[in-house]
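Here the structure comes first, spelled out in C-alpha cells, and everything after it is commentary.
The values are calculated or read from the model by the stated rules, or taken from the named source; none is laboratory data. This structure is a prediction, so every number in the text was calculated from the model and none was measured. We place every Cβ from the backbone using ideal geometry, glycine too, and count neighbours over all the protein chains shown. The accessibility values were calculated without ligands, DNA or RNA, using every heavy atom of the protein model including side chains. Shrake-Rupley method; radii C 1.70, N 1.55, O 1.52, S 1.80 Å.
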Amino acid sequence: MVQEKKIVDEVSGWLTVFDDGSVDRTWTGPPEVQFMADPVLPHNDFVDGIAMKDIIIDADSGQKVRIYLPEKNVEDMDKLPILLHFHGGGFCISQADWYMYYAVYTRLARITRAIVVSVYLRRAPEHRLPAACDDGFDALLWLRSLAQGKAYEPWFNDHVDFGRVFLVGDSSGGNIVHQVAARAGNENLTPLKLVGAIPIHPGFVRSRRSKSEMEQPESPFLTRNMVDKFLNMALPIGSNKDHPITCPMGEAAPPLQNLNLPPYLYCVADQDLIQDTEMEFYEAMKRANKEVELLINHGVGHSFYLNKIAVDMDPNTAKETEKLFAGIKEFMHKH
C-alpha cells in the first residue's frame, strides 16, 4: 500500500511542501494569471528586437543563465553594458524563464541598450539561503572569467563592455543584489568593473512588523502570509528575519560603512507592504555616506511592473513602469 504524502506547509496559490521534503510549485491560484508563470522558450533569432538563449555556466553544478541580446541599432555604442539580474519570489518561487520576467527584461534590454543576464537561482526550501546569493555571486565571477578570456561566449565577447556591469534584482532578488555587491567589494574583478547596483523593492524586513507591513494593503505579489512563510522556508534553520540577508541594516549585519559598495539606484513603491523597512535601509546607506539615489513610484505596490495585466490595463501602473525604466536608463547612462 502506497502511503499518501502529507502537506506540511503551503503558500496559497504558489507552493506546497510535503512531509517527504518534496515541493510542488504548480500554480493553483486564479487561472487568468497563470500565463505570467509560464516558461518562455529561448529564441536565437531576434523577436521584437531581442534574441534570447540559456547557457550552462558551471558544468559541475548545472547552473544556468538566460541571456537577452538586443538587436544592434545605429545609436548603440560599439559595446553594450551588462545587467546581471536576480529574480524575485521570496527565495522560494519564480524562475528566470517565467513570462513575467521575459516581458519586463526584453523591454528593459531594448530601453537601456544592455545585455541582460538573468540567473536561474536555486530555491528554498530545498536550498536554503545563502544558496541563491552564492548563485548570484558565482554568475558575477563567471562574467569575470569571460572578461579575462578564461571562458568564451560569443554573445558577450563580441558585444559587451565588461567595464560597465550593473546588478539588478526585484523583491528577494534585490536582497541578492546587495549581498553580491557587498561580496564583490572584497574581490578583484579585473578587468570586469561593477559600476552600479539596482535593488527594486528589496525584501528588507525585521522580526518586528513595521507600520507599513501592518497597515498597507496587500497585493497579488506580496502578502503578510507570503513574507512570513517564504522567509521561514528560506532563511537558515534557527534564523529569523533579523538575519543579515533580510535585514542588512540591522545589528546582525556587517556595518554598511565598512562595505565597499558601487553606486545604488534604490527603487521603492509608496504602497509597498514593506516600504518602511526598505526606507530604513536607504536611510542607513545615507548615514554610512554611501552613494545611493532614491527612485519612488507612486500609487503602486510591490513589484507592480511585473504584473503584465495591470501594466496593460491600468494607466497609472503603465505610467509608473515607464518612470521606473526611464530612471534605470538614466542611472546607467551616468555610470
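For the reader, a short list of remarks on this structure follows.
- Against the criterion of being open to solvent by less than 20 Å² (accessible area, probe 1.4 Å), touching a strand residue (DSSP E or B) at 6+ places or on another chain (Cβ under 6 Å), within 19 Å of His302 (Cβ to Cβ) and assigned to a strand (DSSP E or B), Leu265 qualifies.
- Filtered residues of segment 281-309 (kept if among the hydrophobic types (A, V, I, L, M, F, W, C) and either in a strand (DSSP E or B) or modelled with pLDDT under 95 (or both)): Val292, Leu294, Leu295, Ile296, Ile309
- The set of residues in segment 200-214 being out of contact with any Cys (no Cβ under 7 Å at 6 or more places or on another chain), open to solvent by less than 20 Å² (accessible area, probe 1.4 Å) and under 20 Å from Pro254 (Cα atoms) consists of Pro202, Gly203.
- Some residue of segment 30-49 being touching a strand residue (DSSP E or B) at 6+ places or on another chain (Cβ under 9 Å), in a strand (DSSP E or B), more than 18 Å from Val117 (Cα to Cα) and of a type in the set (Asp, Glu): no
Listed here are the residues, each with its yes/no results for (1) within 17 Å of the chain's Cα centre (by Cα); (2) open to solvent by 50 Å² or more (accessible area, probe 1.4 Å).
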{"position": "Leu261", "(1), (2)": "no, no"}
{"position": "Asp272", "(1), (2)": "yes, no"}
{"position": "Thr277", "(1), (2)": "no, no"}
{"position": "Tyr282", "(1), (2)": "no, no"}
{"position": "Val292", "(1), (2)": "no, no"}
{"position": "Gly301", "(1), (2)": "yes, no"}
{"position": "Lys319", "(1), (2)": "no, yes"}
{"position": "Lys334", "(1), (2)": "no, yes"}
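- Test set (1) farther than 16 Å from Tyr105 by Cα; (2) in contact with a strand residue (DSSP E or B) (Cβ under 7 Å, 6 or more places away or on another chain); (3) at pLDDT 95 or above; (4) not polar (S, T, N, Q) - Lys5 fails condition number: (3)
- Scanning segment 195-218 for residues that are more than 18 Å from the chain's Cα centre (by Cα) and of a type in the set (Gly, Ala, Ser) gives Ser207, Ser210, Ser212.
- Flag not set for Phe230, criterion: under 30 Å from Trp142 (Cα atoms), in contact with a Cys (Cβ under 8 Å, 6 or more places away or on another chain), among the hydrophobic types (A, V, I, L, M, F, W, C) and not in a helix (DSSP H, G or I).
- Within the span defined as segment 146-154, one or more residues are open to solvent by less than 10 Å² (accessible area, probe 1.4 Å) and either touching a helix residue (DSSP H, G or I) at 6+ places or on another chain (Cβ under 9 Å) or within 21 Å of Ala109 (Cα to Cα) (or both).
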